[in-house]
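S.K.: Pasting a structure below so you can have a look.
The values are calculated or read from the model by the stated rules, or taken from the named source; none is laboratory data. Remember, it's a predicted structure, so these values are computed and weren't measured experimentally. Because the Cβ atoms are built from the backbone with ideal geometry, glycine has one as well, and the counts that use them run over all protein chains shown.
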Amino acid sequence: MAAIGQASEAVATTPALARARQRAAYVPDLLVEAHRVANTVIAGWHGRRKRGIGENFWQFRPYVEGESLSRIDWRRSARDDNTYVRDREWEAAHTVWLWADSSHSMLFKSALAPVSKQSRAMVILLAMAEILARSGERIASPGAMDPVSARNAAERLAAAIDLHKDTDTFPDVAHINRHSDLVLISDFLDPADAMLEKLAPIAKRGIRGHVLEICDPVEEVFPYRGRTEFVDPENGGKLTAGRAETLHEEYRRTYLARRESLAENLRRMGWNFITHHTDQPASTALVALHTHLSGVPNGGIAGVAS
């Protein structure tokens, strides 16, 4: 994706295939880290349960006139003057599609962050797969892995990513079914209008979207001063600023306006938008995604995890 003012700290341009091989080389280490991160948040995840036909007890609730008398729990009703129905649980398992951007701009890592954007995106992707797999969900990845329901879904996804030499900056989602969940992880540095042209048709198909923006802290605060050379990691274009500090205000306005426009339009579409900074723990992004995937209302202020 076209970066906004990426500095010379960005990794030099490499052929797409070499980049894919580089990513595959560190997938095993990222899987280990993903398991560690997932274990820090897994205790609060119990699946997206709701009332329905099932084997397990869900809740007692007051009897509503017109319901079958066979549903009344007479033992519980005998405890007080109310009549109660015993509801059973329905595990709402369905497919969650997970995708992380692997374009050049995701390789960026400044001195203010412990990891690159791509490394953090992959950890979150695999940790999310681990959590969802433990909840009994079906996991898939556009172009890399068809839906699977297995406890080792994270390992299978890591292996699929290792084999899949993805050079696309946006996934092919034409085959994703209505009512599935789609998690997109990227820096989303393209203009907001361009991104919305891609995302709006997906939302209209009834797919529930969860957009996670990965941000290096340097990209947001723009701390540069003096003579600075900025390099676009996607096309190699260069911009040399004699006094970089003079660009600070205009850069900040442009960068934050892009984010706010994308976030506001996604919310109008019924999608979730989350921002995660790479100098923060990966678990913060997982908690935010968990909240939205669980359908919990008011899952954060303006949908931002930081």
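S.K.: Condition (residue is assigned by TED's automatic domain parsing to the domain that holds residue 180, more than 19 Å from residue 34 (Cα to Cα) and without any contact (Cβ under 8 Å) to a residue 12 or more places away in the chain) applied to segment 265-288: is it met by at least one residue?
M.R.: yes
S.K.: What do you reckon, is residue 185 of a type outside the set (Gly, Ala, Ser) and surrounded by fewer than 21 Cβ atoms within 10 Å (Cβ to Cβ)? Explain how you work it out, then say what you get.
M.R.: Working: of a type outside the set (Gly, Ala, Ser): yes; surrounded by fewer than 21 Cβ atoms within 10 Å (Cβ to Cβ): no.
So residue 185 fails the test.
S.K.: Given the residues 180, 102, 135, which is the only one that is within 22 Å of residue 236 (Cβ to Cβ) and either in contact with a Pro (Cβ under 8 Å, 6 or more places away or on another chain) or surrounded by 18 or more Cβ atoms within 10 Å (Cβ to Cβ) (or both)?
M.R.: The conditions single out 102.
S.K.: Testing residue 198 on (1) of a type in the set (D, E, K, R); (2) in contact with a Lys or Arg (Cβ under 9 Å, 6 or more places away or on another chain); (3) closer than 26 Å to residue 139 by Cα, one condition comes back false. Which one is that?
M.R.: Answer for residue 198: the failing condition is (2).
S.K.: Taking segment 215-246 on its own, how many of its residues are at pLDDT 95 or above and touching a strand residue (DSSP E or B) at 6+ places or on another chain (Cβ under 6 Å)?
M.R.: 2
S.K.: Let me ask another. Counting only residues that are more than 23 Å from residue 99 (Cα to Cα) and touching an Asp or Glu at 6+ places or on another chain (Cβ under 6 Å), how many does segment 185-237 have?
M.R.: Residues flagged as more than 23 Å from residue 99 (Cα to Cα) and touching an Asp or Glu at 6+ places or on another chain (Cβ under 6 Å) within segment 185-237 amount to 1.
S.K.: Looking at this structure, is residue 183 under 13 Å from residue 141 (Cα atoms), assigned by TED's automatic domain parsing to the domain that holds residue 294 and either of a type in the set (D, E, K, R) or part of a strand (DSSP E or B) (or both)? Working first, answer last.
M.R.: Values: under 13 Å from residue 141 (Cα atoms): yes; assigned by TED's automatic domain parsing to the domain that holds residue 294: yes; either of a type in the set (D, E, K, R) or part of a strand (DSSP E or B) (or both): yes.
When the stated conditions are applied, residue 183 passes them.
S.K.: Do we find that residue 242 is at positive phi and out of contact with any helix residue (DSSP H, G or I) (no Cβ under 9 Å at 6 or more places or on another chain) in this structure? Walk me through it before giving the result.
M.R.: Numbers: at positive phi: no; out of contact with any helix residue (DSSP H, G or I) (no Cβ under 9 Å at 6 or more places or on another chain): yes.
Answer is no for this residue.
S.K.: Please give the number of the condition residue 224 fails out of (1) among the hydroxyl-bearing types (Ser, Thr, Tyr); (2) touching a residue at least 40 places away in the same chain (Cβ under 8 Å); (3) assigned to a strand (DSSP E or B).
M.R.: Among (1) among the hydroxyl-bearing types (Ser, Thr, Tyr); (2) touching a residue at least 40 places away in the same chain (Cβ under 8 Å); (3) assigned to a strand (DSSP E or B), the lone unmet condition for residue 224 is (3).
S.K.: Name every residue in segment 265-289 that is in contact with a helix residue (DSSP H, G or I) (Cβ under 9 Å, 6 or more places away or on another chain) and either among the aliphatic types (A, V, I, L, M) or assigned to a helix (DSSP H, G or I) (or both), in order of residue number.
M.R.: Those that are in contact with a helix residue (DSSP H, G or I) (Cβ under 9 Å, 6 or more places away or on another chain) and either among the aliphatic types (A, V, I, L, M) or assigned to a helix (DSSP H, G or I) (or both): 265, 266, 267, 269, 274, 282, 283, 285, 286, 287, 288, 289.
S.K.: Select, from 153, 144, the only residue that is in contact with an Asp or Glu (Cβ under 9 Å, 6 or more places away or on another chain) and surrounded by 22 or more Cβ atoms within 10 Å (Cβ to Cβ). I'd like the intermediate steps shown before the answer.
M.R.: Numbers: 144 fails: surrounded by 22 or more Cβ atoms within 10 Å (Cβ to Cβ).
Just one listed residue meets the conditions, 153.
S.K.: Confirm whether residue 169 is farther than 30 Å from residue 126 by Cβ and either among the hydroxyl-bearing types (Ser, Thr, Tyr) or outside the structural domain of residue 125 (by TED's automatic domain parsing) (or both). Outline the logic, then answer.
M.R.: On the way: farther than 30 Å from residue 126 by Cβ: no; either among the hydroxyl-bearing types (Ser, Thr, Tyr) or outside the structural domain of residue 125 (by TED's automatic domain parsing) (or both): yes.
No: the conditions fail for residue 169.
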